[in-house]
Amino acid sequence: MTSDPASSEAALLLRLRAGDESALSELYDKFGGLVYSVAYHVLQNATLAEEVAQDTFLKVWKQAHAWDPARGRVTTWLLTITRYTAIDRLRIEQRRVPRAQLDLEDVMTVLGEAGPMDKPGWADERLAQALVNELPADQRKVIELAYFLDMSHTEMAEHLGIPLGTVKGRVRAALQKLREQWARHAD
């Protein structure tokens, strides 16, 4: 005699409601691959799908009381949680704005091929801070936001409440002044 899969699933959920951790392990063993597959289908990213699978089983553990046998099978409930968790994660990932990357080549173009940063004194943190401190306050602020808080130009404009073009101009002017200061210290 074989047992009904739906009653087996229901029994697992009843054990979960009672706080039986081994029931969660059994549920994971039984449905982990399916949950991962649904998450991967939505996200198209293995790492994010693994995270969503873990989040799904954590939600099931915390919300086992929310399953209503009159509304459907455990599998349906579990995959619905998975789908919504994956969609939420996808929305979060899509809202993330890629941070502006500053390549070493870009820095070299602005500063020149050879300069004070090629000398041992460049590594001195106090010298770098002193050079930044010599900048006018508005230029120093954008450099600090960009390099110490890793803000993009857009984020700086929003943070400071000024136009994006103004931010870009200040960054450009600050980098030019830093280049001049470095050249002066190199001599």
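No lab work stands behind these numbers, since they all come straight from the coordinates. None of these values were measured; they are calculated from a predicted model. Note that we place each Cβ from the backbone using ideal geometry, even for glycine, and neighbour counts take in every protein chain shown.
From the P(r) of region 139-187, can you give the percent of Cα pairs sitting at distances over 12 Å? Looking at region 139-187, the distances longer than 12 Å represent 61 percent of pairs.
Computed from the C-beta positions of Asp150 and Ser7, the FRET efficiency with R₀ = 41 Å rounds to 0.15. Each peptide in 46-54, 65-73, 19-27 gets a packing score, the mean of other Cβ atoms within 10 Å over its residues, and the list from highest to lowest is 46-54, 19-27, 65-73. For Ser152, the residues 5 or more places off, or on other chains, whose built amide H falls under 5 Å of its own are Ala100. The label-point distance for Gln54 and Ala183, in a model that sets each label 7 Å from Cα toward Cβ, rounds to 5.1 nm. One quarter of the convex hull surface built on the alpha carbon atoms of region 38-82 amounts to 3.0 nm², the projected area averaged over directions.
Whole-Hz Karplus values for region 130-138 come out as 4, 5, 5, 5, 6, 5, x, 3, 5 Hz, taken residue by residue from phi with 6.51 cos²θ - 1.76 cosθ + 1.60 and θ = phi - 60°; glycine and proline positions read x. Partners of Lys141 within straight-line reach, counting lysines whose Cα lies under 26 Å from its Cα and excluding those fewer than 8 residues away in the same chain: Lys168, Lys177.
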